[in-house]
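To keep things clear, I will list the structure first and then write my remarks on it.
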Amino acid sequence: MLDRLQYLQVERISTRIRKYNWELFPHRHSDLFQIAIVHSGTGRVNFDIESRTLHPHMAVLLPNGVMHNFELSADAGIDLMTVDADYFQFNVRQLVDVAAEACFVHPESVAFDPQGAEWPALRSSFGNAEAHQNVAKSRTRNALLSANLVAIISILSDQLSHAHLPEEKAGHVGLYLRFRDLVEASYASRQTIADYAARLAVTEQSLYRACKALSGVSPSKLVQQRLVLEGQRLLLYSDMTVSEIAYALGFTEPSAFSRFFSEKTGHSPVKFRAQRLG
């Protein structure tokens, strides 16, 4: 397990963001998972097209692939842990039950009681990781970093209110997470749900039950939501034309993408971009 650790770093965001007028511009990491903890100050974190207010005694989870940025007050004190996503998810699978594993799939903000034991423990684990990260690489260093990462994952999974699913839903989590991984890798390939089910070696009915139990929607709806999300990301955070976005997402004609996007969002791609960006 220790040999899997490739990258883990803790930094104070304020040391980097000050030069950018207290705003980090939208970006995403394909292979890095990030956790931010707020010590002081206020601000906002934006991920994809959502926004959350930041306040002290809060943690923010930013899974790999999520477009995000921070807008902070000048007195904001925020520590950011960045760890390679494969190693983070490996530890999650080792530490938490399969139901709690679902808590680390989406971006999330978690409020802590400043008088409780969990917040000081979280801050301590961040501080310990920061103290050991610059030590020369060795199995001892990796063990110390891993121990603190384990503590952080455990604290966060316990704190998330939806970590404990009813038993009837918990049994579907493994299949649901495997399906989401496939969708993340293949959403632009326009595969059918039958194709996904075959790759997962399950029936379409089993896949439908798992998705409905965990997300409330069908597998096809989840694929459509992922396509819409990527379309929104590219419209807001790239200079690609609507036609270029359509082809990048696997549509054979730009008009087909425009119809799809309008049907799912209520706005054409051009109108969505204009309204959001002005």
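The values are calculated or read from the model by the stated rules, or taken from the named source; none is laboratory data. Worth saying up front: this structure is predicted, and the values here are computed from it rather than measured. Methodologically, a virtual Cβ is constructed for each residue, glycine included, from the backbone with ideal geometry; neighbour enumeration extends over all protein chains shown.
In table form, for the structure just shown:
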{"quantity": "The range 64-75 residues that are without any contact (Cβ under 8 Å) to a residue 40 or more places away in the chain, paired with ones that are assigned to a loop (DSSP other than H, G, I, E, B) (beta carbon under 8 Å, 6 or more apart)", "calculated": "N64/R28; N64/H29; N64/S30; N64/D31; D75/G41"}
{"quantity": "Test: residue in the range 185-201 that is aliphatic (A, V, I, L, M), out of contact with any helix residue (DSSP H, G or I) (no Cβ under 8 Å at 6 or more places or on another chain) and under 20 Å from G65 (Cβ atoms)", "calculated": "yes"}
{"quantity": "Sole residue being under 17 Å from V150 (Cα atoms), at pLDDT below 90 and not acidic (D, E), chosen from Q94, Q115", "calculated": "Q94"}
{"quantity": "When residues of the range 213-227 are limited to those that are modelled with pLDDT under 90 and part of a helix (DSSP H, G or I), the one surrounded by the most Cβ atoms within 10 Å (Cβ to Cβ)", "calculated": "L214"}
{"quantity": "Any hit, the range 265-272, residues being on the phi < 0 side of the Ramachandran plot, at pLDDT 95 or above and among the hydroxyl-bearing types (S, T, Y)", "calculated": "yes"}
{"quantity": "Breaking point among (1) within 21 Å of T192 (Cα to Cα); (2) free of Cβ contacts under 8 Å to residues at least 40 places away in the same chain; (3) surrounded by fewer than 16 Cβ atoms within 10 Å (Cβ to Cβ); (4) among the aliphatic types (A, V, I, L, M), for A246", "calculated": "(3)"}
{"quantity": "Candidates E130, E71, filtered to the one that is under 17 Å from V10 (Cα atoms) and acidic (D, E)", "calculated": "E130"}
{"quantity": "Meets criteria (of a type in the set (A, V, I, L, M), at pLDDT 85 or above and in contact with a helix residue (DSSP H, G or I) (Cβ under 8 Å, 6 or more places away or on another chain)) for V83", "calculated": "yes"}
{"quantity": "Flag for R209 being over 27 Å from N46 (Cα atoms) and surrounded by 15 or more Cβ atoms within 10 Å (Cβ to Cβ)", "calculated": "yes"}
{"quantity": "Residue under evaluation A246, criteria (1) over 16 Å from P269 (Cβ atoms); (2) out of contact with any Ser or Thr (no Cβ under 7 Å at 6 or more places or on another chain), criterion not met", "calculated": "(1)"}
{"quantity": "The range 221-243, subset touching a residue at least 12 places away in the same chain (Cβ under 8 Å) and of a type in the set (V, I, T), residue nearest to E263 (Cα to Cα)", "calculated": "V228"}
{"quantity": "For V202: the one exception among (1) at pLDDT 95 or above; (2) more than 22 Å from the chain's Cα centre (by Cα); (3) part of a helix (DSSP H, G or I)", "calculated": "(3)"}
{"quantity": "From the options S255, S218, residue that is farther than 25 Å from S30 by Cα and in contact with a Phe, Trp or Tyr (Cβ under 9 Å, 6 or more places away or on another chain)", "calculated": "S218"}
{"quantity": "Flag for Q89 being free of Cβ contacts under 8 Å to residues at least 12 places away in the same chain and either closer than 14 Å to L160 by Cβ or polar (S, T, N, Q) (or both)", "calculated": "no"}
{"quantity": "Among the residues listed as R123, R139, R93, the single one being closer than 21 Å to R12 by Cβ, basic (K, R) and more than 14 Å from the chain's Cα centre (by Cα)", "calculated": "R123"}
{"quantity": "Test: residue in the range 170-183 that is within 30 Å of R12 (Cα to Cα), at pLDDT below 85 and surrounded by 17 or more Cβ atoms within 10 Å (Cβ to Cβ)", "calculated": "no"}
{"quantity": "Per-region count, the range 232-247, residues part of a helix (DSSP H, G or I) and at pLDDT below 95", "calculated": "6"}
